[in-house]
Every structure is written in structure tokens, then in C-alpha cells.
Amino acid sequence: MMEWTDRHCRFFHRLLTRRALLYTEMITTGAVLRGNRARLLAFDPAEHPVAVQLGGSDPRALAESARICADRGYDEINLNVGCPSDRVQEGRFGACLMAEPQLVGDCVAAMKAAVKVPVTVKCRIGIDQQDPEESLDTLTCIVVAAGVDALIVHARKAWLDGLSPRENRDIPPLDYDRVYRLKRAWPKLNISINGGIGSVEDAARHLEHVDGVMMGRAAYQEPWRLLQVDPLLHGASAPFESGKAAIEAFIPYVERELAQGSRLHAMTRHVLGLFHGVPGARAFRRHIATHAVKPGAGAEVLREAIGLVIEARTEPAHIAA
Ligand SMILES: Cc1cc2nc3c(=O)[nH]c(=O)nc-3n(C[C@H](O)[C@H](O)[C@H](O)COP(=O)(O)O)c2cc1C
């Protein structure tokens, strides 16, 4: 998620779930081809499996960007057909591509020809005046013909005229049934659902209808939920028995990154929501918010903050009946 997630965030999230697939924020082909690749595309091997999301609409630029990302070790290349920002519309990519399904097909075909890893598309159910029955079917037919490996559908329209990107994440109504119908019509296609899914228990319910669930804001703002992913969705134990144990395991990474010039705040900003309903959670947040931003702040700030949390084991995860 642009402005929110980065490689530090993904490393932290990987401490909370071994199984979830992690995505980068959208990176434009212009940035991949002409930007500081070492910085933009860097990730830690511990992050696997990790997908990179590309923004663009020129098949050749996307193919070349996909190849560069696959060579760097990304496990999946995802094309953004859902972002509604003005900047993206000017570049003729993101959600406005819902109106140009053939071009999306050309992009997918070019990327597929360039890489061996899966190529996937994240889209909306439609935009503006489109009929979601038609727009989503048309796009699906074309990208399937182009060889797409999976589709992630944000289950609402984007209204490109008049709503801000933020409003476009909340105001157009969610239509989960539309995505379930798509899955029934394309039983062999791997389809994930996204949008407004606030808990891992809710994710489990969606999985009765679709193959995967993408969580955005809930995963970022309430990362403690990620500790439930492996037990609830994969029948595996969580990587750590508590948030406290997980964040203690984050400290060596933080120290390593500080030594290489990263700032403490760039890492600790992602951990603020880790503790939920635990004594000391507010003191933890406040300590980090106050001290991690100071110039030269070191890992001791994180250690002190962790010391303020009195945490028992997380409750054993269970799916509500
Ligand atoms: C700050 C922010 C940045 C986002 N950036 C991206 C992005 O780079 N690529 C993308 O596909 N979606 C992006 N999204 C949209 C989310 O991936 C997701 O589709 C949307 O928030 C709905 O899912 P949620 O209710 O689980 O958050 C972003 C969302 C937020 C809040």
C-alpha cells in the first residue's frame, strides 16, 4: 500500500505469518526502468513469498519491468488495475484500465512471455457507469486468454470522477456476491477477494466462496491479526506464541538496518498496532511515537517500549461457529 508499506513492514509482517503472500506497494514501470532499482526493489530473503505490484499500461515496459523483478527474486508479478488516483489516471493505468480490457490482456500476455513466475491482476468490479456483470466478465475473459495466473478483485467499483482515492476505498458499495459469482463462472481460475475484510475470521468465511483473501488496512493497522493467519487458515502454528515474542525477534533486523543507515522510525511506524487489548499497549505506542522519531534514535527505544507491555500468550485462535 503506497505510503504505508515498505520492505521493513513486510519483514515485520513475515514474523507474524509464515504462510500469507506479501505484496509490495504499486511501483510504476517508469520507476522500475529509470529509478533507483536497488532501493525500490530491495527485499530481504526472509520476506518470501513476496509479490511485486507493477503500475503501467505499456506492454513492453511492463514485460521489461516484470523481467527485472523476477530476476531479483520476486515470486509473483501483479498488475494494478484498481488504483483510482489522478496521477495514475493521467498515466493511463490503474483502475481506468478497467475501460481498456484488451490493453490489459496485451499487458498480461507480454508479462507472461517475459517471466516464469505467476502473473496476476488486481482489479475492481468496474468503474463509473460500467455494469459490473459485464465489465468484470469481459476483463476476466481477456486476461484468462492472455494466460493470467490469478485475479484479485477489490469487490467495489472505483468512481473515477469525483471521489478521492481514499473515498474510493470506502464509498462505492462492496459487492462480495459479484466476486463469488465470478468464481462460480470460472471454477478453475484462482480468484481472491479484497475490500473491507476486517478479521481473519471473516477471511475464513470468504474462503468458502473464493480461493484467497487479500487484507489491506486491517493487516496494516492491526498487525496482531496476522498472528492468527497460520493457525486459522492453514492449520499450522503461529511463528511466535505472542506479539511480544514476535517483536523481540524484530530487534536484530532493526539493529542491522540501523547500522546500514535506516532510521528507527521508518521501521517502528509499522509496529504501533501490534498490541491489542493488552496492558501497556498504549504506553508502547506512546513511547515509540515520542522517541523513535528523534534523530539518532536506536534499538533501545524499541526495547524500552516492549518492556512496557505486559503480555500473556495470545489466546488460542478459533473460528467462530
Ligand atoms: C494507504 C493505502 C495505499 C494503497 N496502495 C495500494 C497499492 O499500491 N496497490 C493496490 O493494489 N492497492 C492499494 N491500496 C488499496 C488496498 O490494497 C485495498 O485494495 C483497499 O484498501 C481495500 O482493501 P481493505 O479494505 O482490506 O483495506 C491502498 C490502500 C491504502 C489505504
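Across segment 90-234, Cα-Cα distances exceeding 20 Å account for 50% of all pairs.
Taking every C-alpha pair closer than 8 Å and separated by at least 6 residues, the mean separation divided by the residue count of the chain gives a relative contact order of 14 percent. With the simple model of a label 7 Å out from the Cα in the direction of the Cβ, residue 188 to residue 211 spans 1.1 nm.
Think of it as helices only: each DSSP H run of n ≥ 4 in the chain is worth -39500 (n - 2.57), and spread over all residues that comes to -11000 deg cm²/dmol at 222 nm. I'd like the FRET efficiency for residue 202 and residue 241, computed as 1/(1 + (r/R0)^6) with the beta carbon distance as r and R0 of 25 Å, rounded to 0.05. E(calc), rounded to 0.05, equals 0.60. For the chain, the Cβ-based charge dipole about the Cα centre amounts to some 680 debye (Lys, Arg positive; Asp, Glu negative; other atoms uncharged). Return a whole-number percent for the relative contact order of segment 56-108, with Cα pairs under 8 Å and 6 or more residues apart as the contact set. Here the relative contact order equals 44 percent.
Solvent-accessible area assigned to carbon and sulfur over segment 103-163 amounts to 52 percent, based on a 1.4 Å probe. Shown in residue order for segment 10-19 are the 3J(HN,Hα) couplings computed by the Karplus curve 6.51 cos²θ - 1.76 cosθ + 1.60 at θ = phi - 60°: 5, 4, 4, 5, 5, 6, 9, 8, 7, 9 Hz (x for Gly and Pro). What the Cα convex hull of the chain gives, in volume per residue, is 137 Å³. Taking DSSP loops as anything outside H, G, I, E and B, show the longest stretch in the chain free of GluC sites (Glu not before Pro) there with at most 15 other beta carbons within 10 Å. Between exposed loop sites, the widest span is 4-207. Within the same chain, lysines fewer than 8 places from residue 122 are excluded, and of the rest, those with a Cα less than 21 Å from its Cα are 112, 157, 183, 188.
Modelled spin labels at residue 248 and residue 145, positioned 7 Å past Cα toward Cβ, are 5.8 nm from each other. Computed from the C-alpha gyration tensor, the three semi-axes of the ellipsoid equivalent to segment 152-297 are 34, 20, 14 Å, from longest to shortest. In segment 31-141, a dipole from Cβ-located charges (positive for Lys and Arg, negative for Asp and Glu) runs towards its positive end, and of 68, 101, 78 it is 68 whose Cα lies farthest in that direction.
Over segment 157-267, Cα pairs under 8 Å with separation of 6+ residues give a relative contact order of 15 percent. Solvent-accessible surface of the chain, averaged per residue with a 1.4 angstrom probe and all protein chains in place: 45 square angstrom. Among the chymotrypsin sites (Phe, Trp or Tyr not before Pro) in segment 1-107, those placed in a DSSP loop whose Cβ has at most 15 other Cβ atoms within 10 Å are 4.
The values are calculated or read from the model by the stated rules, or taken from the named source; none is laboratory data. Here the structure is a predicted model, which is why all the values come from computation and not from measurement. Counting neighbours? That spans all protein chains shown, and the Cβs are built from the backbone with ideal geometry, glycine included. Accessible surface is based on the protein model in full, side chains and every heavy atom, while ligands, DNA and RNA are left aside. Shrake-Rupley method; radii C 1.70, N 1.55, O 1.52, S 1.80 Å.
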